[in-house]
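Scroll down for the structure; my scribbles are underneath it.
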Amino acid sequence: MTRHIPPHIQVNGQREPLAAPTLDALLRGKGVVPGARGVAVALNGAVVPAGRWADTALAEGDDLEIVRPFSGG
Amino acid sequence: MPHLPDSFEIAGRTLTSRLFIGTAGYPNRQVMLDSITASGAEVVTVSIRRISLEGYAESMVDLLGSDYVLLPNTAGCSTAREAVLTARLAREALDTNWIKLEVIGDRETLHPDVEELRRATEELVADGFTVLPYCNDDPVSCRKLADAGAAAVMPLGSPIGSGLGIANPHAIELICARSSVPVILDAGIGTASDATLAMELGCSAVLLNTAVAKARDPRRMAAAMRSAVEAGHAAREAGRIPKRTYAQASSPQLGLIGT
């Protein structure tokens, strides 16, 4: 009998259970306001424009980077 | 638009301030904002970092947004691949195709990785970016970056954050004399005279951060840097006198008393 392993994704380097069907839902769940200025997301190494967050489905093994501008030189 | 005598262009954008300033390491937000104002800078650098999923920090875009040209950097990247993704995220986050391209080859000295830097420059230029690479103070790597399509080159004066000034003025002068694109001295500035020297050597602008942010009085140092860059540029334009080995009297030699 195979043990059921729930799907996981990687968010900013941290592995976590996949708990949202779309990118938009995941971001909302993390308190990132939709259309927040300055937030950008890459899924598996490619930028997902904010206008496509809602129709971007998430799947097992996806690797997300969620970034924003910070102080820098 | 009339071409102002004291302005220069990067990728078709006219800039009147020859000082680019960073936003890291100030004692607090107000000192940072005041210092940037005092510096007279139009171009202000920011980094791109993973958001903290606990607590939503204040946005640099809201803080600086419309008043400045925000120049995102790829600081911390050590491969062309990381730098290209960071640049693409920066473009999405800030709605700008300008990127200060940093690809670091050595964690301790933070010296640029020449090969990865050129690879990333080529890829980003092909992708429509205005690439400003932070690079070595070497005329050959600067030329190769310009050939790859960089809109300016930004050779280091000395290691990032070291405050050692311009370690090799001769190299910087050569780069300026031979570069087909504007040269912006980046990194190593310790005090105002270093910024003046960069301009006297022929740089179009100076990019600095720590020298202001970590000064005892950042606001005052920012104002000093503004004057320093202006003085250096004016001196360069005015044309320095040749150096000579022996003294040459400046007063007339005729009509001396007692002759």
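The values are calculated or read from the model by the stated rules, or taken from the named source; none is laboratory data. Predicted model only: the values in this text are computed from it and were never measured. Cβ: placed from backbone, ideal geometry, glycine included. Neighbour counts: every protein chain shown. All accessible areas refer to the heavy atoms of the entire protein, side chains included, with ligands and DNA or RNA removed. Shrake-Rupley method; radii C 1.70, N 1.55, O 1.52, S 1.80 Å.
Looking at (1) at pLDDT 95 or above; (2) under 17 Å from the mean Cα position of the chain (by Cα); (3) open to solvent by 20 Å² or more (accessible area, probe 1.4 Å), which one does B:Gly161 not meet, given that it meets all the others?
Tallying (1) at pLDDT 95 or above; (2) under 17 Å from the mean Cα position of the chain (by Cα); (3) open to solvent by 20 Å² or more (accessible area, probe 1.4 Å), B:Gly161 fails exactly one: (1).
Would you confirm, using the coordinates I've provided, whether B:Glu237 is among the acidic types (Asp, Glu) and within 21 Å of B:Tyr134 (Cα to Cα)?
Considered against the rule, which asks whether it is among the acidic types (Asp, Glu) and within 21 Å of B:Tyr134 (Cα to Cα), B:Glu237 comes out as no.
Mind listing whichever residues of segment B:173-220 are of a type in the set (A, V, I, L, M) and out of contact with any helix residue (DSSP H, G or I) (no Cβ under 7 Å at 6 or more places or on another chain)? Explain how you work it out, then say what you get.
Filtering segment B:173-220 down to residues of a type in the set (A, V, I, L, M) leaves B:174-175, B:177, B:181, B:183-185, B:187, B:189, B:192, B:195, B:197-199, B:201, B:205-208, B:211-213, B:215.
Matches in segment B:173-220: B:Ala177, B:Ile184, B:Ala187, B:Ala205, B:Leu207, B:Ala213.
Go through segment A:14-73 and give me each residue that's within 8 Å of chain B (Cβ to nearest Cβ) and charged (D, E, K, R).
If the condition is that a residue be within 8 Å of chain B (Cβ to nearest Cβ) and charged (D, E, K, R), then A:Lys30, A:Arg37, A:Glu65, A:Arg68 are the ones that fit.
Going residue by residue through segment B:27-45, is there one that turns out to be at the interface with another protein chain (Cβ under 9 Å from one of its Cβ atoms) and either among the charged types (D, E, K, R) or more than 18 Å from A:Ala46 (Cα to Cα) (or both)? If you could, list the steps in order and put the result at the bottom.
Here is the first cut: in segment B:27-45, the residues at the interface with another protein chain (Cβ under 9 Å from one of its Cβ atoms) are B:32, B:45.
From what's left, either among the charged types (D, E, K, R) or more than 18 Å from A:Ala46 (Cα to Cα) (or both): B:32, B:45.
Yes; the residues of segment B:27-45 include at least one that is at the interface with another protein chain (Cβ under 9 Å from one of its Cβ atoms) and either among the charged types (D, E, K, R) or more than 18 Å from A:Ala46 (Cα to Cα) (or both).
From the set of residues in segment B:164-203 that are farther than 19 Å from B:Val44 by Cα and acidic (Asp, Glu), which is least open to solvent (accessible area, probe 1.4 Å)?
Step by step, filter segment B:164-203, then rank; the result is B:Asp194.
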